[in-house]
Amino acid sequence: MTAAQELIASYRSFKTLPHVVTKLSQLINDSNTTMKDFEEVIKMDPTLVVRLLRLVNSPYYGLSQYIESIGRAVALIGMKNLYNIAVTDALKHLFREREVSRIFSRQKLWLHCAAVAICSQMLAERVFGINGDDAYLCGILHDFGLIVEEQAAGAVFYDICRAALEHGSLPEQERKRLTTDHAEIGYLITDDWGIPHTIREAIRDHHSLRDAIEPTSLTGILQIAEYLTGQLGYTILAIPVTELSPVLADHIQDNIDEYRVLLDDLPAEMSKASEIYRSTEH
């Protein structure tokens with residue numbers, strides 16, 4: 001068993017995603033799934049139904065009419081969009097824990113993931129003209145490995161955070177102390193949840209600086225989003241991403257006007273989505 005697998009096994013003894021979300025993952029990956037199938041699974045959890053309907057009716061989605069049923073929500077915003085909301089709702093409860101360290105804050109991590117998720121979706125749709133659902137999911141999941149490390153490695157994890165603040169490069173410090181990092185852990189644990197491989201690959205590679213990363217790929221979008229949100233202060237340990245592969249850096253420079261507009265709009269998008277991400281009050 002690898003170091004990453006050992007940490008995940010230890011984490012599983014504490015918490016994991018609710019069964020209903022795992023079941024929804026299976027449905028999303030089945031081409032024969034119908035909207036009715038999707039609705040029936042969600043209706044198995046009445047509390048989730050209430051939360052999802054509240055979120056669907058939030059200003060973020062700007063629907064012109066009030067949605068009173070999951071079936072109607074699926075019809076209007078689609079299965080994948082509703083699935084992303086369900087995953088977000090499940091994750092935010094895993095992030096909501098009593099803070100035990102001044103070094104690492106789950107609240108800051110959650111806000112970072114939220115910002116990266118929204119920015120990734122904006123990038124996909126505004127800059128590249130593609131559907132942003134998968135990019136969003138990459139963003140919301142990309143740093144979940146840190147939660148696993150904090151839960152399973154305890155004091156060692158906080159020492160890693162201190163070393164990263166002093167010397168930079170959180171993944172480098174993780175590999176020194178744990179012989180793995182949160183990107184690898186995130187890649188492995190999301191396999192348990194039925195997350196598509198392309199999204200898992202982006203999670204695994206989001207700190208890679210390979211020259212071959214294309215801006216339009218999920219990995220490229222995720223890396224650019226993390227870089228941009230870091231410029232606005234949505235960081236975990238006050239260590240913003242300062243490096244990008246030359247291809248990604250050149251792409252941003254070549255489209256700098258579009259990126260300036262996107263950065264200007266991101267805080268408003270975060271504010272609009274506050275109902276969805278409000279989760280870390282104790």
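Computed from the coordinates by the stated procedures, all read-outs in this text should not be read as laboratory data. Because the structure is a prediction, the values reported are computed rather than measured. Here the Cβ positions follow ideal geometry from the backbone for every residue, glycine too, while neighbour counts run over all protein chains shown.
So what is the calculated 222 nm ellipticity per residue for the chain, using -39500 (n - 2.57) for each DSSP H run with n of 4 or more, over all residues, to the nearest 500 deg cm²/dmol? Please report the intermediate quantities before stating the final value.
On the way: 17 runs with 185 residues, N = 282.
Counting only the DSSP helices, I get -20000 deg cm²/dmol.
GNM, the chain, Cα, under 10 Å: largest mean-square fluctuation among E39, E68, E174?
Highest fluctuation among the options: E68.
Expressed as a rounded percentage, what relative contact order does the range 211-274 have, with Cα pairs under 8 Å and six or more residues apart? Walk me through the intermediate numbers first.
Values: 34 pairs, mean separation 20.9, N = 64.
After rounding, I find 33 percent.
Give me the log10 of I(q) over I(0) for the range 36-177 at q = 0.21 Å⁻¹, as the Debye formula computes it from C-alpha points; what are the numbers?
-1.25
For the range 161-209, report the convex hull volume of the alpha-carbon atoms normalised per residue, in Å³, without decimals.
74 Å³
Any aspartates and glutamates with Cα under 15 Å of the K176 Cα? List them, leaving off those in the same chain fewer than 8 positions away.
Reachable aspartates and glutamates: E149, D159, E166, E184.
Which FRET efficiency value, to the nearest 0.05, do you get for V50 and T22 by plugging their Cβ-Cβ distance into 1/(1 + (r/R0)^6) with R0 = 22 Å?
0.65
Could you give the length gained by full extension between R126 and D211, i.e. 0.36 nm per residue of separation minus their alpha carbon distance, to one decimal place? List each step's numbers first, then the result.
On the way: separation 85, 0.36 × 85 = 30.60 nm, distance 2.37 nm.
Length gained, R126 through D211: 28.2 nm.
How many Å³ per residue does the convex hull of the Cα positions in the range 215-282 occupy?
108 Å³
If I model a spin label at D37 and E68 as a point 7 Å from the Cα along the Cα→Cβ vector, what separation in nanometres do I get?
It is 2.9 nm.
Based on the alpha carbon coordinates of the range 117-215, what radius of gyration and maximum Cα-Cα distance (Dmax) apply, in Å?
Computed over the Cα atoms of the range 117-215, radius of gyration and Dmax are 14.6, 44 Å.
Under 19 Å between alpha carbons: how many lysine pairs meet that in the range 1-113, if sequence neighbours fewer than 8 apart on the same chain are excluded?
Here the count comes out as 10.
Please compute the contact order of the range 148-269 in relative form: average sequence separation of alpha-carbon pairs under 8 Å and at least six residues apart, divided by the residue count, as a percent. Numbers along the way, then the final one.
On the way: 100 pairs, mean separation 21.4, N = 122.
Averaging sequence separation for qualifying contacts and normalising by length gives 18 percent for the range 148-269.
In a Gaussian network model over the chain where Cα atoms closer than 10 Å are linked, find which of Y61, Y234, Y158 has the largest mean-square fluctuation.
Y61
Any idea how far the Cα center of the range 165-204 sits from the one of the range 63-103, in Å?
Centre-to-centre (Cα) distance: 23 Å.
What area, in nm² and to one decimal, does the C-alpha convex hull of the chain cast on average over all directions?
Value for the chain: 14.7 nm².
Label point 7 Å out from R175 along Cα-to-Cβ: which residues of the range 235-259 have amide N under 17 Å?
Residues 242-245 qualify, since their backbone N sits under 17 Å from the label point.
May I ask for the longest run of the chain untouched by trypsin sites (Lys or Arg not before Pro) that are loop-located per DSSP and have at most 15 neighbouring C-beta atoms (other than their own) within 10 Å?
Within the chain, the longest run free of exposed trypsin sites (Lys or Arg not before Pro) spans 103-209.
What distance in nm lies between label points placed 7 Å from Cα along the C-beta direction at R96 and K80?
Roughly 2.9 nm, to one decimal.
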